[in-house]
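Since every read-out is calculated from the coordinates, none of them should be taken as a lab result. As the structure is a prediction and not an experimental result, all values here were calculated from the model. Here the Cβ positions follow ideal geometry from the backbone for every residue, glycine too, while neighbour counts run over all protein chains shown.
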Amino acid sequence: MRQFHLALCLAAVAALLASPIAAQIRLQPVGTYATGLFDASAAEIAAYDPEKKRLFSTNTGGASVDAIDISNPAAPRLLFAISVLPYGLQPNGVAVRQGVVAAAVQNQVKTDPGSVVFFDTEGRFLKSVTVGALPDMLTFTPDGRKVLVANEGEPNSLYTIDPEGSVSIIDISGGIPNLTQDRVTTAHFRAFTRSNIDSKIRIYGPNATVAQDLEPEYITVSADSRLAFVTLEENNAIGVLDINAGAFTRLMALGFKDHRLAGNALDASDMDGGINITTWPVFGMYQPDTIASYTFAGSTFLVTGNEGDERDYAGFSENVRVRNQRLDPTAFPNAASLQLDSALGRLTVTKALGDTDGDGDYDQLFVPGGRSFSIWTERGELVFDSGDQLERIIAQANPAEFNSDFDRNGSFDQRSDNRGPEPEGVAVGQVGDRTYAFIGIERMGGVMAYDITNPFLARFVQYVNNRNFAGNPRDGTAGDLGPEGVLFIRAEDSPDGRTLVVLSNEVSGTVTIYAVTPAPPLPPRGRRAGP
């Protein structure tokens, strides 16, 4: 392990010395498609077909996959909608490859098995197969031979039914017309028990086995199509899937972020009278939603958007504010001042973690999400985390709207007590000889670009937000709200020869296309978390 880590360090230094800082990029919105549906998850995830120059966008509110013509990125327009009602309740994910559209469709009963439904790019039905409960994100492997779908397996609201989480592997190498149910392999977590996994992996659902408790959220696949890396958001972990074997081989605990340390500060209160990004005696659970991957120095690196999520059901909720926690007097001798609303009192933490000695009070405090994005090795070693940069960038860019919520304007600071800006969607792509990560900021809105060419020396490039804080969200004049999915389109695949980034905004129901253009060089910025 040490030799592997040292080799990566040396490769990072060599790459830095060998290449001067290149000209950076700038993103600018060039066109928007609006569904006209507010707060209906009408634009969550988009996939792109380069042959037809079309986006395929999940529309939960319309129970459809919408085909959007972007042959002119400045004037995207709806071509047709593919209804998923014959196959289930709603589309949760979509992917496109070589004329085939794959949609993950949730069952009418959330805890029952769902489906992956295949269409051609004209919306004609091809095939359907059954997969696990609550299929969410899905993707084609780079070699095009398989489709992988994350079956989240969430419980029902009373937490009396809790399906197992899994990933279904659909072998399409024989062609979609020949696809049958026996070409579907489902990778479960039944081989894992509390005794053979890292104790930092959160297994805490009522009466849940490990297999029931793990909830796959998002998938990225290695360039050689051998391994898949699957985020387990609520569990604060990543699963490693051997695709050919159809089995999970490892679970990687992501650990915790120490918000006591400089560079890991956060604004913890929505009632502190302003922007107050400072260190506090709490720990962050990274809890990534989206994950992407790329190669550096011959090794695979994983990029995560550390949104954070908690279980909050009628039958079980882990949410509690710090002011309502009983804090251990030894661990927190200043508990009275910490529990003021202007300090940590309003901060949402989990009550499922932190009572280390089992005496009924809390010795540590854990908050959902990292308020950051991270880069990891394929073995789960953290090499970069953006620390408190995202909140500080937002504070500088939009101080009057800092940590706003995604469905209301005039909501300054209202997300500070709960996950802050919520970085969620992540896309990775190459522009020229540089590699960039594009991170969607769900609550505040907009997208951040980071140069991650060297994963050990990632640096901020730009933050752009197509939100109108003077507008009315409900009548469609507030611009883009609640980015969920981020999509990168290479220049060689795009309609007009420019690199594009597409944001799907679930609250405003809009899909906005950004053009990526060169910009003058920037000085290096960013905090290194690594060798």
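Numerical summary
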{"quantity": "Scaled radius of gyration (Cα, divided by 2.2 N^0.38 Å) that the stretch 140-232 gives", "calculated": "1.23"}
{"quantity": "Cubic angstrom per residue, convex hull over Cα atoms of the stretch 250-380", "calculated": "145"}
{"quantity": "HN-Hα J in Hz across the stretch 501-518 - Karplus 6.51, -1.76, 1.60, θ = phi - 60°, x for Gly and Pro", "calculated": "10, 10, 10, 9, 10, 6, 6, 7, x, 10, 10, 10, 9, 10, 8, 9, 10, x"}
{"quantity": "Exposure proxy order (Cβ contacts within 10 Å, fewest to most) of Asp143, Asp405, Asp312", "calculated": "Asp312, Asp143, Asp405"}
{"quantity": "DSSP beta bridges in the chain [antiparallel fraction, %, rounded to 5]", "calculated": "95"}
{"quantity": "Lys/Arg +1, Asp/Glu -1 at C-beta; the chain dipole; positive extreme among Leu85, Tyr48, Phe412", "calculated": "Tyr48"}
{"quantity": "The chain: relative contact order in percent, alpha carbon pairs under 8 Å with at least 6 residues between", "calculated": "14"}
{"quantity": "Ser64 long-range amide H proximity, modeled H, under 5 Å", "calculated": "Asn59, Val84"}
{"quantity": "Computed log₁₀ I(q)/I(0) - Debye formula, equal Cα scatterers, no solvent, the stretch 23-99, q 0.14, 0.23, 0.24, 0.25 Å⁻¹", "calculated": "-0.48, -1.09, -1.16, -1.21"}
{"quantity": "Unit Cα scatterers, Debye sum, the chain: log10 I(q)/I(0) for q = 0.05, 0.06 Å⁻¹", "calculated": "-0.18, -0.26"}
{"quantity": "Unit charges on C-beta of K, R, D, E only; dipole of the stretch 395-526, Debye", "calculated": "320"}
{"quantity": "Estimated 222 nm signal from helices in the chain, with DSSP H stretches of n ≥ 4 weighted -39500 (n - 2.57), rounded to 500", "calculated": "-2000 deg cm²/dmol"}
{"quantity": "Inter-label distance for Asn196 and Ser337, nm, one decimal - labels placed 7 Å from Cα along Cα-to-Cβ", "calculated": "5.0"}
{"quantity": "Alpha carbon Rg of the stretch 90-197, scaled by the compact-globule rule 2.2 N^0.38 Å", "calculated": "1.11"}
{"quantity": "Cα gyration tensor, the stretch 413-501 - rounded (a/c under 1.5), prolate or oblate", "calculated": "oblate"}
{"quantity": "Flagged links, alpha-carbon separation over 26 Å, of Lys257/Lys351; Lys146/Lys200; Lys52/Lys127; Lys110/Lys200", "calculated": "Lys146/Lys200; Lys110/Lys200"}
{"quantity": "Hydrodynamic radius of the stretch 175-329 per Kirkwood, over alpha carbon pairs, in Å", "calculated": "18.2"}
{"quantity": "Dipole magnitude of the chain, debye to nearest 20 (Cβ charges: Lys/Arg +1, Asp/Glu -1, about Cα centre)", "calculated": "1200"}
{"quantity": "Mean shadow area of the stretch 344-433, taken as a quarter of the surface of its Cα convex hull (nm²)", "calculated": "9.3"}
{"quantity": "The stretch 212-285 - Kirkwood radius from inverse mean 1/r over Cα pairs (Å)", "calculated": "14.8"}
